[in-house]
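A short worksheet on the structure shown next.
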Amino acid sequence: MEYISRTDQDGISRVVIRRGKVNAFNDNLIDEMSRTFGELALDPSVRSIVLTGTGKFFSFGFDIPQFLGYDRERFTRYLANFTRLYRDIFLHPKPVVAMLNGHTIAGACMIATSCDYRLMVPGKARISLNEINFGSSVFAGSVEMLKRLVGPRMAENVLYSGAMYTAEEALRMGLVDRVASEENLEEETMKVAREYAARDPDAFRSIKGLLRRAVAERMEKTERDSIEEFVRIWYSEKTWARLQGKTIHG
Amino acid sequence: MEYISRTDQDGISRVVIRRGKVNAFNDNLIDEMSRTFGELALDPSVRSIVLTGTGKFFSFGFDIPQFLGYDRERFTRYLANFTRLYRDIFLHPKPVVAMLNGHTIAGACMIATSCDYRLMVPGKARISLNEINFGSSVFAGSVEMLKRLVGPRMAENVLYSGAMYTAEEALRMGLVDRVASEENLEEETMKVAREYAARDPDAFRSIKGLLRRAVAERMEKTERDSIEEFVRIWYSEKTWARLQGKTIHG
Amino acid sequence: MEYISRTDQDGISRVVIRRGKVNAFNDNLIDEMSRTFGELALDPSVRSIVLTGTGKFFSFGFDIPQFLGYDRERFTRYLANFTRLYRDIFLHPKPVVAMLNGHTIAGACMIATSCDYRLMVPGKARISLNEINFGSSVFAGSVEMLKRLVGPRMAENVLYSGAMYTAEEALRMGLVDRVASEENLEEETMKVAREYAARDPDAFRSIKGLLRRAVAERMEKTERDSIEEFVRIWYSEKTWARLQGKTIHG
């Protein structure tokens, strides 16, 4: 593992994303996350999982500069893997707590919404699904997960505005579940993770399935078409120009 | 066009319902609205749409006196056209902002819920789905659109009570998105319309589809049966008597 | 009828659960409730229904000591009947008001969520879906009904924590609709029941179907699988041990 570290203690596994300054998602990182969550699902010693980033970023989302070198086919393959990852976390048999230590943007926000609980630091950190601002669409599954948290009407505001929300704003909307200062984030997160770890694992998995399986099936059914549309818009002349602009100035 | 006026400026199209004092919906008005929204969908110069009424009424809903002269078949045909109109607006590729300048009752409230954003004047204006008060049912699609805005539990209160809500009450429930005084309504509406107009059109249309297509499919699948049931109850002896009472006193 | 009493007055039928101190659900009680609600559906003199318990309990839920003597097949049959009962109430053609006079636990909370309106006494009474605390799962339909009232995210909190909520907490979450003191419970409940009774019965039934039929179909489709999973976990070694512990200490 190059970009993911995993450390287990007292039945709680901590998964940390470590890729450069902004933890941008690329093929390798997504593969490593998928493998890690697959192993965690099968490890009977793990009772709950904490997913977090490093420094000022949970993650900035997709590694756009790298993807500008991809052709459609390769990018489509990446997107299929990425959306499969958030579906796998969404239906993961173990509880997954997202410790949002910093900015949680675009694809990173999608991963956060797939978890069971979200804690976020106040201050300069922002959470956002800002795809529309560079002329990009999103994915069917990400919309379903967002709607569950903030309701269908607020989901429209989030996606149409592409607004960058503070932790407090996100809490009011239901996009995160708790705000915890940088000093307390660790402790508060572990408290939540320990509460989840205390649940009966079979009952938890069964109830989580009842709560989420129907949504996950709807996600899966529409995901492929939405990826196709996403790719079509991504490679459109004007969106492509904006993405290159982001790279040069970003 | 006899009952609909359309004026475009700076990429924003303004559609005004003008039919008598209360803008009651009949065959011709619904046909004109359908044609207008169809043309707007295809016009590349249009980036967003404002839909509004005149005087003290956005619209009072169905033109009941006229419909009392209809037989079942003709009324059923009208209802199929009416429900198709709100589904077309619900999935319209352009953003549609409802400027609720006054009373927004029954069928008119259904049209309002199909838009992307609702501003409403305070004061004497009311918004309501009051069908139950004259012993009438509603339509499957209208229920789905209402549930998205106010949640399934509150939707029951709205439909079972038939209550007439002020703009402020509607705002608290999520049935409208903003209250704007008569003097500011125009300006605030145009601000919202301009914000929508600034979005990338392809990204907007794609995201709107992801947010609404599954609901729209559910609406379409159940609409025909619900129209049949609506018609059966509408022509029942006691509801018919109440509708005639409304006509005489209304 | 041994455990259910029914008294009708002015179009309002009052159904009281009377089984021991805690009104625990067993085969006979569920059969009697099913028969009673079936008769109420067909009785044209009944315009609305009040469902309540006795003493300090609406109901404590399943009669676990009795079910510990059941084999899987018999228990599965009971669960099929129990889940059919809450679906029947959920889609009952008449309005059903739950008068929660006291503790409303587990299966009893499921019955409460199937009604149209819930009033609950403050003080020591608690409402809870606490199945996870003894290592048990719940049922697909019960999850759908809960999600409608409190939203999908809060439904996770309710089911993962197994928390015991006061009436005030339940009101804030949307799990009940009104808190009424012991002295006022009767009067406030009757006021709600009379309001429902004043609605046009055909319009009410039609609108209730539009609001709930799609959910009920989803419930029915997944219920059988969820009962199978429930039974598997119920008879697992560790859950069985906890259930027996409850019996000894309870």
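Restricting to bridges with both residues inside the range A:4-182, how much of the DSSP beta-bridge set is antiparallel, in percent to the nearest 5?
Percent antiparallel among DSSP bridges in the range A:4-182 is about 30.
If I take all pairs of Cα atoms in the range A:14-68, what percentage of them are more than 15 Å from each other?
Percentage above 15 Å: 51.
Shortest first and in nm with one decimal, please list how far the C:TRP240 label point sits from its counterparts in the other copies (point 7 Å along Cα→Cβ).
6.5, 6.5
Of C:ILE64, C:VAL138, C:ALA167, which is farthest on the positive side of the dipole of the range C:4-182, counting Cα position, with +1 on Lys and Arg Cβ, -1 on Asp and Glu Cβ, and the Cα centre as origin?
My answer, from the dipole projection, is C:ALA167.
Determine the distance separating the Cα centre of the range B:205-236 from the Cα centre of the range B:97-163; give it in Å without decimals.
15
From the helices alone, meaning DSSP H stretches of at least four residues, give me the mean residue ellipticity at 222 nm for chain C, per-run term -39500 (n - 2.57), in deg cm²/dmol to the nearest 500.
Roughly -17500 deg cm²/dmol at 222 nm, from the helical runs in chain C.
So if I place +1 on the C-beta of Lys and Arg and -1 on the C-beta of Asp and Glu, and nothing else carries charge, what would the dipole magnitude of the protein assembly as shown be about its Cα centre? I want it in debye, nearest 20.
With only Lys, Arg, Asp and Glu charged at Cβ, the dipole is about 60 debye.
Between copies, how far does the label point of A:ALA80 sit from its twins, in nm, shortest first, when each point is 7 Å from Cα along Cα→Cβ?
For A:ALA80, the inter-copy label distances come out at 4.2, 4.2 nm.
How far, in nm to one decimal, is B:PRO122 from itself in the other copies if the label point is set 7 angstrom along Cα toward Cβ? Shortest first, please.
3.0, 3.0
So what's the projected area for the range C:107-250, the Cα convex hull averaged over all directions, in nm²?
Approximately 10.1 nm², given one-decimal rounding.
Once you have the alpha carbon radius of gyration of the range A:34-154, what is it after dividing by 2.2 N^0.38 Å, with N set to its residue count?
With N residues counted in the range A:34-154, Rg over 2.2 N^0.38 Å equals 1.08.
Cα-Cα over 32 Å: which of A:LYS147/A:LYS238; A:LYS21/A:LYS208; A:LYS94/C:LYS147; B:LYS147/C:LYS238?
With Cα atoms farther than 32 Å apart: A:LYS21/A:LYS208; B:LYS147/C:LYS238.
In B, who owns the beta-carbon nearest the axis carrying B over to C, and how many Å from it?
Minimum Cβ distance to the axis, with residue: B:GLY151, 4.
Work out the mean other chain Cβ neighbour count within 10 Å for the residues of B:128-134 and drop it here as an integer.
For peptide B:128-134, the averaged partner shielding equals 2.
Give the average over all directions of the projected area of the C-alpha convex hull of chain C, one decimal, in nm².
If you wrap the Cα atoms of chain C in a convex hull and average its projections, you get 12.5 nm².
If you average the sequence gap of Cα pairs under 8 Å that are 6 or more apart and divide by the length of chain B, what percent do you get for the contact order?
Reported relative contact order: 21 percent.
Quick one: what do you get for the range B:83-122 if you divide its Cα Rg by 2.2 N^0.38 Å?
This ratio for the range B:83-122 stands at 1.12.
Could you give the Stokes-Einstein D for the protein assembly as shown in µm² per second, using the C-alpha Kirkwood radius, 4 °C, 1.567 mPa s?
My calculation gives 47 µm²/s for D.
Please give the net charge around B:PRO93, taking every other residue with its beta carbon less than 14 angstrom from that of B:PRO93, where Lys and Arg add +1 and Asp and Glu add -1.
+1
Other chains' Cβ within 10 Å of A:211-217 residues: what's the mean?
4
Place a +1 charge on the Cβ of each Lys and Arg in the range A:4-182 and a -1 charge on the Cβ of each Asp and Glu, then give the dipole magnitude about the Cα centre in debye, rounded to the nearest 20.
Dipole magnitude for the range A:4-182 comes out near 180 debye.
Here, each number is a calculation from the coordinates, and none is a lab measurement. Just so it is clear, the model here is predicted, and its values are computed rather than measured. Glycine also receives a Cβ, built like all others from the backbone with ideal geometry; neighbour counts cover every protein chain displayed.
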